[in-house]
Every structure is written in structure tokens, then in C-alpha cells.
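Each value in this text was obtained by applying a stated rule to the coordinates, not by laboratory testing. It should be emphasised that the depicted structure is a prediction, and the values quoted were computed from it without experimental measurement. All Cβ positions, even for glycine, are placed from backbone atoms using ideal geometry, and neighbour counts span all protein chains on display.
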Amino acid sequence: MFKSKEKDKIFQLLLELAKTNQEAGHVFYEYKIKGAEDLSVFSKKLKSYEIRTQELVIQISKQLDVSLITPIEREDILHLAERIDSILNWLDECGARFEMYDIFPPTNEMRMFSEYISKCCDEIYDCVALLTEKKFSKMNYQISKINGYIDACDMLGRKAIKNLFMNHKDNPIIIIQEKELYEALQRTMERCSRVSGVLATIILKNA
């Protein structure tokens, strides 16, 4: 019974981490920025999620330290938790750049990036939910969808940079600021890709 409770606690924390990541993704996509004052609130909301995920990773690490038996390899659990946390690190970075550079309204490409990021966070949550039920074979569908969003963002990133230079060739400040934001958005998607890779490894080891 004690061992079962240990395993349940680890999965509960992991699922809460994925849920926090999902909620942050929704805020990133759905939050309505109408003016400069909204940028500060937006950035602070994302920071609060990032702080929460750091706390959860610490809790997961501590629970692993005291658990005799873990539901899957403890290294995989910690690796997955840290990779999910890294998504929040870059979402926080994106929010900070929106605020620092006073970027509003977002471009169409920025909106599309935020939508893909939110969708990836949804699929990551669904995949972790299946993981906690040890339905490993069913996780492949979510991983496939994540990888599809990542591929779409590769093309979107090239289009965004091209449009940026075309539309603002006489304003190097805007080019520098928005290019940095696009790079942060791409880094966020790269972190989603890394989560997908960890989940795929877990399937191979456990299915």
C-alpha cells in the first residue's frame, strides 16, 4: 500500500505540472492585449506559472528521493518534468519580451505561434494523462500531433522573418525587437519538441 501511494503521488505531481503548463499555454494564446498596460499583467501571469512549475519540479525530485519504487524509471520522470518546466521558462521569456519591447498588437505570425504553442501544451497534458494510466501505446497519437505543430512552426518562423524584413526594412529597431521575440517563440516550440522526444523514449522503454 505504501509503495502504491508513492507511485500515485509522483504521477499526481507530474499531471499537475502538465496541467499548469497547459493553463499557461492557454493564457499565452487567449490573453487579450489591448494596450501597453495589459503587457505587464500578461508578463506577470506567465511568470507566476513559471514559478509554480519550478516548485512542482522540486516536489517531484524530492518525492523521487524518498520513493523506493517509481512507476517508470526515475530518470525519465525527472527528465520529463525538467523538460516541461523548460517550456514555461521560454513562455516567461516571451512574455517578458512582449513587455520590454512594448509589442502590441501581435502580428498574425505571433498569434499563430501562440496558437501552436497552446495546442502543443494541450497534447502534452493529454499525453501525460495517458502516461499516468500507463496507456503507453495510446500516447503516440499525441506525440504525432505535437510533431506536426512543430513542423508547421518551422515554416511559420521563416515566413515571419521574411515578412519582418520586408515590412520594416527602414526601421532596424523594430526588426531587432521582433526578431528576438520570434526567436523566443521558436525556442519555446523547440522545448515542446524536447518534451515530445522524452515521451517517445518513455513509450519505447515501457510499451
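Could I have the simple spin-label model distance between Gln59 and Lys134, label points 7 Å from Cα toward Cβ, reported in nm to one decimal?
Label at Gln59, label at Lys134, 2.4 nm between them.
Remind me, relative contact order of segment 1-155 in percent, using alpha carbon pairs under 8 angstrom and six or more residues apart?
In percent, rounded to a whole number, it is 35.
Taking a 20 Å limit on the Cα-Cα distance, which of the listed pairs Lys45/Lys159; Lys134/Lys205; Lys34/Lys159; Lys47/Lys179 fall beyond it?
Lys45/Lys159; Lys34/Lys159; Lys47/Lys179, as the Cα separations exceed 20 Å there.
How big is the dipole moment of the chain about its Cα centre under a simple scheme where the beta carbon of each Lys and Arg is +1, that of each Asp and Glu is -1, and everything else is neutral? Debye, nearest 20, please.
For this selection, approximately 460 debye.
Please list 3J(HN,Hα) in residue order for segment 153-163, calculated via the Karplus relation 6.51 cos²θ - 1.76 cosθ + 1.60 where θ = phi - 60°; whole Hz, with x for glycine and proline.
Computed from phi, the couplings for segment 153-163 are 6, 4, 5, 4, x, 5, 5, 4, 5, 4, 5 Hz.
Mind pulling the angle between the C-alpha long axis of helix 2-30 and the longest principal axis of the chain? Nearest 10 degrees, somewhere in 0 to 90.
Helix 2-30 sits at roughly 10 degrees to that axis.
For the ranges 84-91, 50-57, what's the packing order if you count other beta-carbon atoms within 10 Å of each residue, average per peptide, and put the highest first?
Descending packing order for the listed peptides: 84-91, 50-57.
Whole-Hz ³J(HN,Hα) for each residue in segment 195-201, computed from phi via Karplus 6.51 cos²θ - 1.76 cosθ + 1.60 with θ = phi - 60°, x for glycine and proline: what do you get?
For segment 195-201, the Karplus-derived couplings read 4, 4, x, 5, 5, 5, 5 Hz, x marking Gly and Pro.
Exactly which GluC sites (Glu not before Pro) in segment 88-167 are in a DSSP loop and have at most 13 other Cβ atoms within 10 Å?
When the GluC sites (Glu not before Pro) of segment 88-167 are filtered for loop state and at most 13 Cβ neighbours within 10 Å, Glu133 remain.
If each residue's Cβ is checked for other Cβ atoms within 10 Å, how do Tyr116, Tyr125 rank with the fewest at the top?
Neighbour counts put them in this order, fewest first: Tyr125, Tyr116.
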